[in-house]
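Accompanying notes for the structure given below.
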Amino acid sequence: MLGEPHPRLSLVIPLYRDEAALEQIFARCEPVLDEVDGGELVLVDDGGFDGTTLRALELARAARHPTTVVRLARNFGQHAAVFAGLAHAQGDAVATLDSDLQYPPEELPMMLRELSPEYPVVSGWREHRRDPFLRRTVTRLLTRWLNRQTGARLRDFGSMFRVYDRATVDLMLTFTERHRYVPAIVAWLGVPIKEVPIAHRERSARGSHHRIGPLVEMTLDLVTGYTVFPLRALTTLGLLASLVGFVGTVALALYRVLVGGGGAGTVSAFALIFGLLTVQLLIVALVGEYIGRVYSEVKGRPYYVVAATSRVCDGELVSMRAA
């Protein structure tokens, strides 16, 4: 804003039904912003429709650093909320942090020191993860998949605890597609990323409040959004299944001619038919997923809709905009 010192660091935190967590968020992030010699908080209420926005504004009035509170019109998902925060961040560097504080904000000054022209993105590597075994396993598989598809070489692809320089944030904001996954977008840009080991705490008892629907949609985006490899793989599988079906049909015909009919041949024929139908259904489902992505892009709807934006500086509400 006019008259405000330009912040060195913008700390973007997406929120969803996090009213109870806000006091701890301010208590732990304010000393960090003190340590980096100037910064701001950018809090994005992802359409939780509880008291998150009002509580954030209340705490912002007592905060030592400027705070922008963005409220989205409805729940658009974590990555949409992150992009809304990036669009409102004014800092020379921008950090993203989850609201559950599994990533300790106290690591941010160290990560900011690692930011350089050589490495415009610094990512926190959860060397000793405190997540359940199933979550860790899925993350490892997705990391291998995304590294292969994007050409990145990251040990922790899914980490949202990152610091970006201003130029990288501006590049990210040029993306207009409806399906975005922040780590994959940065990897696609080819921006050098430096991973630094960080502490990782167990998820609090309140857990994650982000709905499961957007998380499932995000997983499908990871499979279909950055490569056509699934289509090619199923096409190959379909050709192989067709070849097996053709060979099986010829074998069964010869069996009936040379040996005679029998129940075993009928069972085998039905097995081949059901196998081919299964492959066809998989192909149709995957093609439908890609067509659905094309449909959502063609509609051209915005990635998110901002209902209201407020900015508090030195205890005063210096700006407010309602959609």
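The values are calculated or read from the model by the stated rules, or taken from the named source; none is laboratory data. Keep in mind that what you see is a predicted model, and the values were worked out from it rather than measured. Counting neighbours? That spans all protein chains shown, and the Cβs are built from the backbone with ideal geometry, glycine included.
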Contact list, first residue from the range 153-182 and outside the structural domain of GLU195 (by TED's automatic domain parsing) and within 24 Å of TYR103 (Cα to Cα), second anywhere and of a type in the set (Ser, Thr, Tyr) and outside any loop (DSSP other than H, G, I, E, B), beta-carbon distance below 7 Å, six or more apart or interchain, is none
Scanning the range 19-49 residue by residue, the ones that are aliphatic (A, V, I, L, M) and either assigned to a helix (DSSP H, G or I) or surrounded by fewer than 18 Cβ atoms within 10 Å (Cβ to Cβ) (or both) total 7
Residues in the range 145-178 that are modelled with pLDDT of 75 or more and assigned to a helix (DSSP H, G or I) total 7
Among GLU195, GLU217, GLU202, the single one that is in the same structural domain as ASP45 (by TED's automatic domain parsing) and either modelled with pLDDT of 70 or more or not in a loop (DSSP other than H, G, I, E, B) (or both) is GLU195
Checked the range 64-77 for anything surrounded by 20 or more Cβ atoms within 10 Å (Cβ to Cβ), in contact with a helix residue (DSSP H, G or I) (Cβ under 7 Å, 6 or more places away or on another chain) and not in a strand (DSSP E or B); matches are HIS65, GLY77
Only unsatisfied item for THR52, checking (1) surrounded by 24 or more Cβ atoms within 10 Å (Cβ to Cβ); (2) within 23 Å of ARG166 (Cα to Cα), is (2)
